[in-house]
1. When the residues of the range A:194-246 are filtered to those that are of a type outside the set (A, V, I, L, M), more than 8 Å from chain B (Cβ to nearest Cβ) and part of a helix (DSSP H, G or I), which remaining residue is surrounded by the fewest Cβ atoms within 10 Å (Cβ to Cβ)?
2. Could you please find all residues in the range A:169-193 being part of a strand (DSSP E or B), more than 11 Å from chain B (Cβ to nearest Cβ) and not small (Gly, Ala, Ser)?
3. Could you tell me which numbered condition B:His50 fails, if it satisfies all but one of (1) touching a helix residue (DSSP H, G or I) at 6+ places or on another chain (Cβ under 7 Å); (2) closer than 26 Å to B:Ala228 by Cα?
4. Could you list, in sequence order, all residues of the range A:151-168 that are part of a loop (DSSP other than H, G, I, E, B) and within 14 Å of another protein chain (Cβ to nearest Cβ)?
5. Taking A:Trp94 and the conditions (1) at pLDDT 95 or above; (2) surrounded by 17 or more Cβ atoms within 10 Å (Cβ to Cβ); (3) within 30 Å of B:Cys179 (Cα to Cα), which numbered condition does it fall short on, given that it satisfies the others?
6. If I go through the range A:292-310 residue by residue, how many of them are polar (S, T, N, Q) and in a loop (DSSP other than H, G, I, E, B)?
7. Quick one: in the range B:121-150, which of the residues that are within 14 Å of chain A (Cβ to nearest Cβ) and farther than 21 Å from B:Glu277 by Cβ is surrounded by the fewest Cβ atoms within 10 Å (Cβ to Cβ)?
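The values are calculated or read from the model by the stated rules, or taken from the named source; none is laboratory data. Just so it is clear, the structure is predicted and the values come from calculations on it, not from any experiment. A quick note on method: Cβ atoms are made from the backbone with ideal geometry, for glycine too, and the neighbour counts reach across all protein chains shown.
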Protein chains: 2
Amino acid sequence: MAPHLQRSALLSLATLAGLLCAAPLAAAQTQAQKPPRTGADVLAQAPAEHWCDVAPDNLLVMTLPQGRVLIELAERFAPQHVANIRALARNHYWDGLSVLRVQDNYVAQWGDPNDEDATKARPKAGARAKLPAEFSLPLAGLPLTPLRDVDGWAPVAGHVEGFQVAANPQSGRAWLAHCYGVVGAGRGDTVDSSTGAELYAMLTPARGLDLNITVVGRVLQGMHWLAALPRGTGAMGFYASPEQHTTIQHIRLSSSLPEAERPRLQVLRSDSSSWQEWLQTRRQRGGWFVHSPGYVDLCSASAPVREAPPTAQP
Amino acid sequence: MAPHLQRSALLSLATLAGLLCAAPLAAAQTQAQKPPRTGADVLAQAPAEHWCDVAPDNLLVMTLPQGRVLIELAERFAPQHVANIRALARNHYWDGLSVLRVQDNYVAQWGDPNDEDATKARPKAGARAKLPAEFSLPLAGLPLTPLRDVDGWAPVAGHVEGFQVAANPQSGRAWLAHCYGVVGAGRGDTVDSSTGAELYAMLTPARGLDLNITVVGRVLQGMHWLAALPRGTGAMGFYASPEQHTTIQHIRLSSSLPEAERPRLQVLRSDSSSWQEWLQTRRQRGGWFVHSPGYVDLCSASAPVREAPPTAQP
């Protein structure tokens, strides 16, 4: 179905119990694909090795009064910000801090309401105070599965380990795209003013932000808790008064939680044939649909996520 | 700035008090455009005749407990559905009915919870029980202001009287695009099963719905009230129990309201030079931004809306 994307490495049977996302995938087996399957069929029938486990050290568990928001950190794209975020989570930096801003059709943002007041700001224990901008990285060597569909925002679009990525072969750079649920590090006027302590999640695709700010990950589950928060009525969607803030109960790395409490999520591998077939079900619709666009855009192509099935648990 | 879009008709001074969106606009005056203005500058400085009044008969005022949602009806694109919607509003059909479904990153939908139970369904007084699908209309003769930016979903994208439109010159058809805040008429499995009684608003762009359902308008103001509703936990985001529904206090046409209570909204004209200049501020960013995409996509190019200034009121 997508022969240019098949890989030559062989997969051992032992990997059926789950693979981390960075491990290479074996060549897909050719499957008879008639009659066409629905997207749900493709996911339900995907072989276990087409899913990969999200590493507990890359999974941020944000607990709001409403529920949990699970964020996969994009270490490859923003290693220094991710290192800070891990340190802040380990030191319980966000516990009791707040969602400060919800701007409709744009972002939800959280952090320390007093961050700009040196006398009241919470110390960022374990985190570096100054980081470089991590807006893009070299395209060369990136395990990118390109989308064949045109992207108006960049010459190349595709996926790397489940993350939505745009790239420009001419500049040789690649970057994470601002699609729904993507999480970035708020910054001030200078490009190196983000530390990872103030984070935002996209309520909508806003690709105009690409290459302007450091993206650190994406929400895998629970994005609706942020998306359904009341919009702030102040400038840029900041809440007009602190009483309107939503308090963050805590943010932890999954790896810091007791084994039994860790969320066990899997992402459909971007380098699997199931991924290509799932994309094709977005381009060619069946069932209720009477027209198919023959196209899918990068932000509509969000890598499917599931709870790890019991058989994949240790 | 966009000479191919200028129109030759002359505008009389009398039109400074406001123009309906369907009236043709005069040729834009050439303006000196250095230094570059921000988007906010462009809107603040746009001449009065670059804005048009939304006709009271095209403005649906939906009152929720949280606040008002103002929807402009796209009569040109779905005349039969819009006629039904006007009749239903005049007959207070929606008063006391409900928001039934909020599916995260997709749609909010409202109507009669008992619509499928003939013994309990509310009668749709004044509305035709059967309408044809109004998915598209002829491109020929449509006052389309094309976007120069590529659209992956359709060969042509642009705006008609503030609405986001896609088109295919080969088929000769044009249609409203499913961008944020776009409102459509829910249907069942058959394409002619919508009446306009059950409506949905898009919480995100979902262009895959284009040409599959009748679009009837777009939210001009108050979309955040729908976007911040709790997500339904049933299949497809329907609420699991009626207690979770949001009650619609009433939906009225603005033209049915006393003059003093009518919202007075204006939309930036798609055929004005201010529109072209505003689009350009999206492609070439200044201020906080350090990178400009040189591009804007159809769904990011939502025609600006404002309250009519006092001078434009009668």
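1. Top of the filtered list is A:Glu243.
2. Across the range A:169-193, the qualifying residues are A:Leu176, A:Val182, A:Val183.
3. (2)
4. Correct list: A:Asp151, A:Gly152, A:Trp153, A:Ala154, A:Pro155.
5. Condition (3) is where A:Trp94 drops out.
6. Result for the range A:292-310: 2.
7. B:Pro132
Yes/no per residue for (1) in contact with a Gly (Cβ under 7 Å, 6 or more places away or on another chain); (2) at pLDDT 95 or above:
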| position | (1), (2) |
| --- | --- |
| B:Gln80 | no, yes |
| B:Ala87 | yes, yes |
| B:Val99 | no, yes |
| B:Asn105 | no, yes |
| B:Asp115 | no, yes |
| B:Ala118 | no, no |
